[in-house]
Amino acid sequence: MLSQKNIRFFILIGILIVLNLLGAVYFKRIDLTKENRYSLTKIARNTMDSLNYPMTVQIYMEGEYPPNITRFQEAIRSTIIELQQYANGNLDFEFVDPKNNKDLIMELSKKGMPPIPVKVKKSDMEFEDKKLFPYAFLTYRGKEKYIDLVKGCVLPNGQIDFAKAEGDLEYKLVAPARGFIKENAGNIAIAEGHGELPIEMLGEWITAMQNTYEVFRYDVRKNAGNGIAPTVTEEDMKKIGKEIPENLRYRSGIDVLIFAQPTRPFSEREKYEIDQYLMRGGSLFFILNQEIVDMDMYEKRATLTQLRELNLDDLFLKYGFKINYNLIQDLSCEKTEVFTEGASGGSFQSVPWIFSPMIYQFTNTPITRNTDQVLLRYASSIDTTHQNSVKKTVFLTSSSDSRTVDGQQFIDLNTYLQEKPPVELFRNKGGKIAGAMIEGMFSSLFQGREAPVDSAIPNPPTAVFGFKSALPGKIAVISDGSFPLGKNFRGKRGYMPYDNKTVLLNAVDYLAGDDALTQIRAKEVQVRQLDKNKVLKNTSLIKFVNLVLPVLIVVLFGLLRAWVRKRKNERT
């Protein structure tokens, strides 16, 4: 007959077996971290649950690396395992070591993902040179996507911030999956008719947007009178507790209307149509500066800048911002190749060009998450004004060592090379705003006025006038019209500079209302490091606590246990 002690033992074993069986069926992790480090967002869980076909992930980071990289490896593994719990068996992954696969290394390099050299410590005196491939490859129903797992996490000194990379993992893995399964692409309209940058010159950006959206040309002037319609859904209206009114019942509208460096003035009627699009809950993206700079470092080395008149200033001021008629100069700037003549002939040399600010530091916004440094060229500064019910978020600023020069400027490269402006003119002047997001409930510029008409558009508009926003609208503005262009080299266009494309794509995602990606981007991982000064000061105590104290505790416990047993035997 079983004793009471044995019965309790078998009951305990039974409980553990039941708990393990339940754990295999129902997955639950308790996350006690302040920033929910080990928890997936609801959007990530829903995305995985929406996978109807197998998705595979290859991670090219198999191998032994230093502790910080090993920790990143485990973070990748644990993130994907957690995603698997919600994928209904439709997510598989493997770690691959590409060091002996020349074809794979070449393919990654073509994608702009070269190996990163690292040193692995084998002993106190011996190190081994290895190559790190912090990349992944996703496939789903014939669709493919390469991912740079450390993009936006490279510091100016070339070091990788693996803690930040860990915080970005969920977004980088889930965002492509959302693109794979998304059925209804949003509509992005590239405005034309005012001398904007030709859509062909925006090819790299357009191609990237077409992975997620339908992108098309849109002439505001030709379509005026019909009403520019945003896409409005039942879910949009539920957010403000209303049903969709008749004047907003559009089946498929424009999610984002982009103006990429217009050069000709807008008529009052065209401004009216843009204004009413915003009042209907639309999203506008202005990429423009207020000065014309006709200069080429190789052919035209001097120019007199001209002020650009677009007739948009009153519209911008009504919405809470102003693009100034000036140029930003920054000591933190890009270098440019210039040809100089000397006694022994001519030669090329690299010189810093203060009209091309480089931005390394970013505020924590969804638009600049996963972003490396970006380049501005002849950018204007932006001022913001207070507006009720409107929120303003700055996402691009020049360095603290920057200034602005107002009005028309004579820019001469030769003069700059001979007499550079004194550094004191720049020091600690404060960053200048070059990119901002304005969102909320706007008031119409045309409130109390009749809808304008002109010879090109003589008929009054057919859409119902809105004097205030029916739905929250959004405006993104970047004060550099060349921001989406490639590098200019002898008049030829190349790839977009640095990470400008990431900022543009993030801005479009935010404007298009993909709140899901915005929520995932907002996630951060905090690394709570030890105080180095306290560690150095208390090194001996820390060694004692970690090495000697555990042994002493075990010895003391053994002595105490022996003493208790001895006393028990003496009593019996």
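The values are calculated or read from the model by the stated rules, or taken from the named source; none is laboratory data. Keep in mind it's a predicted model, so treat the numbers as computed, not measured. We place every Cβ from the backbone using ideal geometry, glycine too, and count neighbours over all the protein chains shown.
So the values come out like this:
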{"quantity": "Selected residue (only one of Glu62, Glu107 is within 29 Å of Ser39 (Cβ to Cβ) and out of contact with any helix residue (DSSP H, G or I) (no Cβ under 7 Å at 6 or more places or on another chain))", "calculated": "Glu62"}
{"quantity": "Top-ranked residue in the range 373-413 [being surrounded by fewer than 16 Cβ atoms within 10 Å (Cβ to Cβ) and among the acidic types (Asp, Glu); ranked as farthest from Ile328 (Cα to Cα)]", "calculated": "Asp412"}
{"quantity": "Candidate set from the range 298-319 (those that are in a loop (DSSP other than H, G, I, E, B) and in contact with a helix residue (DSSP H, G or I) (Cβ under 9 Å, 6 or more places away or on another chain)); member that is modelled with the lowest pLDDT", "calculated": "Arg301"}
{"quantity": "Scan of the range 274-292 for residues that are touching a strand residue (DSSP E or B) at 6+ places or on another chain (Cβ under 6 Å), among the aliphatic types (A, V, I, L, M) and touching a residue at least 60 places away in the same chain (Cβ under 8 Å), ordered by number", "calculated": "Leu278, Leu284, Ile287"}
{"quantity": "Looking only at the range 473-494, and only at residues there that are at pLDDT below 65 and in a loop (DSSP other than H, G, I, E, B), the one that is surrounded by the most Cβ atoms within 10 Å (Cβ to Cβ)", "calculated": "Gly494"}
{"quantity": "Test: Pro176 is free of Cβ contacts under 8 Å to residues at least 40 places away in the same chain, closer than 30 Å to Gly486 by Cβ and surrounded by 17 or more Cβ atoms within 10 Å (Cβ to Cβ)", "calculated": "yes"}
{"quantity": "Yes/no for Lys432 being modelled with pLDDT of 90 or more and either of a type in the set (D, E, K, R) or in contact with a Cys (Cβ under 6 Å, 6 or more places away or on another chain) (or both)", "calculated": "yes"}
{"quantity": "Considering residues of the range 81-97 that are in a helix (DSSP H, G or I) and in contact (Cβ under 8 Å) with a residue 40 or more places away in the chain only, the residue surrounded by the fewest Cβ atoms within 10 Å (Cβ to Cβ)", "calculated": "Glu82"}
{"quantity": "Filter pass, Ile76 being exposed (fewer than 14 other Cβ atoms within 10 Å of the Cβ) and of a type outside the set (Asp, Glu)", "calculated": "no"}
{"quantity": "Where Lys151 falls short, out of the listed (1) assigned to a loop (DSSP other than H, G, I, E, B); (2) more than 14 Å from the chain's Cα centre (by Cα); (3) of a type outside the set (S, T, N, Q)", "calculated": "(2)"}
{"quantity": "Candidate set: the range 184-196, residues that are out of contact with any Pro (no Cβ under 7 Å at 6 or more places or on another chain) and in a loop (DSSP other than H, G, I, E, B); chosen: the one farthest from Leu485 (Cα to Cα)", "calculated": "Asn184"}
{"quantity": "Which listed residue is in a helix (DSSP H, G or I) and modelled with pLDDT under 75, from Leu517, Leu504", "calculated": "Leu517"}
{"quantity": "Single unsatisfied condition, Pro461 versus (1) in contact (Cβ under 8 Å) with a residue 60 or more places away in the chain; (2) touching a strand residue (DSSP E or B) at 6+ places or on another chain (Cβ under 9 Å)", "calculated": "(2)"}
{"quantity": "Test for Lys420: is it loosely packed, with under 12 Cβ neighbours inside 10 Å and either among the charged types (D, E, K, R) or assigned to a strand (DSSP E or B) (or both)", "calculated": "yes"}
{"quantity": "Top-ranked residue of the range 98-144 - restricted to ones that are in a strand (DSSP E or B) and among the aromatic types (Phe, Trp, Tyr), ranked as farthest from Ile59 (Cα to Cα)", "calculated": "Phe127"}
{"quantity": "Restricting the range 110-153 to residues that are of a type in the set (Gly, Ala, Ser) and modelled with pLDDT of 85 or more, the residue that is farthest from Asn90 (Cα to Cα)", "calculated": "Ala136"}
{"quantity": "Evaluation of Arg403 against (1) in contact with a helix residue (DSSP H, G or I) (Cβ under 8 Å, 6 or more places away or on another chain); (2) closer than 29 Å to Leu511 by Cβ (one fails), failing number", "calculated": "(2)"}
{"quantity": "Positions within the range 234-281 being in a loop (DSSP other than H, G, I, E, B) and at pLDDT below 60, in sequence order", "calculated": "Ile240, Gly241, Lys242, Glu243, Ile244, Pro245, Arg249, Tyr250, Arg251, Ser252"}
{"quantity": "Criterion (modelled with pLDDT under 75 and not assigned by TED's automatic domain parsing to the domain that holds Gln210) met by exactly one of Leu541, Leu536", "calculated": "Leu536"}
{"quantity": "Residue match in the range 74-89 (condition: more than 23 Å from Arg178 (Cβ to Cβ) and at pLDDT below 90)", "calculated": "no"}
